[in-house]
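For reference, the structure is listed below as structure tokens.
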Amino acid sequence: MTEWRIRCPDLDAEWSAEDGESLLESAERAGIGLLSSCRNGTCRACMCRLIAGEVRYRIEWPGLSREEKAEGWVLPCVAEPISDGVVEPLTVVKLFQKTLFPQPSD
Ligand code: FES
């Protein structure tokens, strides 16, 4: 059975994903709680940036624009790794940006 190594430096986490397992499922199996809701590629709550690696999708049209895909955004609930990878959860990105670039409304 193929296993991929997935790292999330922002959470100081590393785990394995089995072939056919979504990024979200593998993270949860490892005890890492990524944000999620619908778990079917619709709501975008789980959105992460794939810094390195490749995924394939379980569904034909995951809820991402072509531009978002080109920028490396993925939906872990329906994205299955097909290589080792590095992910950055959107919530971490937002917190990082909010810390470095606070907006007047913050
Ligand atoms: S949990 Fe809704 S798109 Fe992933």
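The values are calculated or read from the model by the stated rules, or taken from the named source; none is laboratory data. Everything numeric here is computed off the predicted structure, so don't read it as measured data. A quick note on method: Cβ atoms are made from the backbone with ideal geometry, for glycine too, and the neighbour counts reach across all protein chains shown.
Residues that are away from the ligand (no atom under 16 Å from the Cβ) and modelled with pLDDT of 90 or more within the stretch 73-106 comprise ILE82, SER83, ASP84, GLY85, VAL86, listed in sequence order. So which residues in the stretch 47-75 are crowded, with 19+ Cβ neighbours inside 10 Å, in contact with a helix residue (DSSP H, G or I) (Cβ under 9 Å, 6 or more places away or on another chain) and touching a residue at least 40 places away in the same chain (Cβ under 8 Å)? Across the stretch 47-75, the qualifying residues are MET47, CYS48, VAL74. Residues being at pLDDT below 95, of a type in the set (Lys, Arg) and surrounded by 14 or more Cβ atoms within 10 Å (Cβ to Cβ) are represented in the stretch 24-46 by at least one member.
In the stretch 17-35, the residues that are closer than 12 Å to VAL55 by Cα form Cβ pairs under 7 Å with partners that are more than 12 Å from the ligand (Cβ to nearest atom) and part of a loop (DSSP other than H, G, I, E, B), at six or more places apart or across chains, as follows: ASP19/MET1; ASP19/THR2. Filter the stretch 29-67 for residues that are more than 12 Å from the chain's Cα centre (by Cα) and acidic (Asp, Glu); which is farthest from the ligand (Cβ to nearest atom)? The qualifying residue farthest from the ligand (Cβ to nearest atom) is GLU67. Here ARG5 fulfils each of the conditions (1) surrounded by fewer than 16 Cβ atoms within 10 Å (Cβ to Cβ); (2) in contact with a Gly (Cβ under 7 Å, 6 or more places away or on another chain) apart from (2).
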